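The values are calculated or read from the model by the stated rules, or taken from the named source; none is laboratory data. Please read all numbers here as calculations on a predicted model, not as lab measurements. Here the Cβ is made from the backbone with ideal geometry for all residues, glycine too, and neighbour counts use every protein chain on show. For the accessible areas, the whole protein counts, side chains as well, though only heavy atoms, and no ligand, DNA or RNA atoms are used. Shrake-Rupley method; radii C 1.70, N 1.55, O 1.52, S 1.80 Å.
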Amino acid sequence: MEPEVAVSLFLPARLRASPLLFCKLSATHVLGHHPYTNIDGADPDIFTAAGEVADIRRIKWSQKWLSRYFYQHVYVPILYCFLGIKSRLQDFGILYHMKNSAVRLNRPSASQWAVFVAGKCIHVTYRFIIPAFFIPWYLNLALNAIGEICLSYWLALIFQTSHVNTEAEWPKPDEDNVIHGDWAELQVATTQDYATDSWFWTVFTGALNHQTTHHLFPGVIQSHYRKITPIVRQTCEEFGVQYHYVETMTEALLCHVNHLKKLGQSAENSEQKTK
């Protein structure tokens, strides 16, 4: 996949998503998820509600088990269709609290506020106002709903299959809140790649099926991932580091669903598992 091909395929999606997910992607994803992948309390991408209102799903052993989780492997994938809307609205909450999970935000500058507000206005304009002059409102809503569902599943399934699955590890800090291990090894241990030899999935996931390479070299353009991944795999084998990989997207999805089923049908918690 050449750089110009990647840009032509994914620039429209980036233009739609970047302003609307301004806080979540540009700040907390980079500062929280990438350095602290799958670490409970530090990685905002695996944040789950605590307290009186339990989270809609159980993905970590540290979460209290509830009977409603027993069939989460059935209903949670269905609820992923709302992820796009959730992320768009979550922006407002992040800006209000200046925090996403454990990641605190600096107060946005005037230019950042301008990007955020302009992004929201542009989104509403081209998704709702402009189409209102050409098509009936109910058709506009239906088309927007279809677009949101497709975007939501694209976001959910690409990222969940990479980190929330039966193979990826969930590092736990010691009593001093220290993670023992090399940062690069942590990125490999907490990530699963899939179908990296597939042109189709490499293009239509934006090369994020090469998720391990993405975490190890986040500053490298994604069109180079297919050349770097074999080197990463060879290096892992050479130094005895477990590299998580499945051959197909279907297997990757099953790893995620099986993880939901395993945690949904087991009442064990992290303390019991360590005994």
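The GNM of the chain, with springs linking C-alpha atoms under 10 angstrom apart, assigns the highest mean-square fluctuation among Thr125, Thr166, Thr205 to Thr125. Each label was represented as a point 7 Å from its Cα along the Cα-to-Cβ direction; for Leu31 and His180 these points are 3.1 nm apart. Once Rg and the Kirkwood radius are both taken over the C-alpha atoms of the chain, their ratio Rg/Rh works out to 0.97. Looking at the chain as a GNM with Cα springs under 10 Å, which of Gln187, Gln222, Gln242 has the largest mean-square fluctuation? Greatest mean-square fluctuation among the candidates belongs to Gln242.
May I ask you to work out the translational diffusion coefficient for region 103-208 at 20 °C, viscosity 1.002 mPa s, via Stokes-Einstein with Rh from the Kirkwood sum over Cα pairs, reported in whole µm²/s? All intermediate terms of the calculation are to be shown ahead of the outcome.
Working: Rh = 18.3 Å.
Translational diffusion coefficient: 117 µm²/s.
Report the residue, chosen from Asn38, Asn258, Asn100, that carries the largest GNM mean-square fluctuation when the chain is represented by alpha-carbon nodes joined by springs under 10 Å. Taking springs between Cα atoms under 10 Å, the residue moving most is Asn258. Using only the alpha-carbon atoms, how far is helix 137-163 inclined from the longest principal axis of the chain? Give it as 0 to 90 degrees, nearest 10. Its long axis makes an angle of about 20 degrees. Per-residue 3J(HN,Hα) values for region 65-79, derived from phi via the Karplus relation 6.51 cos²θ - 1.76 cosθ + 1.60 with θ = phi - 60°, read 7, 10, 4, 5, 6, 4, 10, 5, 5, 9, 8, 5, x, 5, 6 Hz in sequence order (x marks Gly and Pro). Computed log10 I(q)/I(0) for region 151-275 at 0.11, 0.17, 0.18 Å⁻¹: -0.41, -0.92, -1.01, from the Debye equation with unit scatterers placed on every C-alpha and solvent omitted.
Per residue, the accessible area of region 195-275 comes to 55 Å² when a 1.4 Å probe rolls over the protein heavy atoms. With each label modelled as a point 7 angstrom along the Cα→C-beta vector, the Tyr96-Leu66 pair spans 2.1 nm.
From helices alone, the chain scores -15500 deg cm²/dmol at 222 nm; the rule is -39500 (n - 2.57) for each run of n ≥ 4 DSSP H residues, then divide by the residue total.
Extending 7 Å from the Cα toward the beta-carbon at both Cys121 and Leu141 defines two label points whose distance is 2.7 nm. Please identify which residues in region 63-84 have an amide N closer than 18 Å to a label point set 7 Å out from the Cα of Ala267, following the Cα→Cβ vector. Answer for this model: 63-72.
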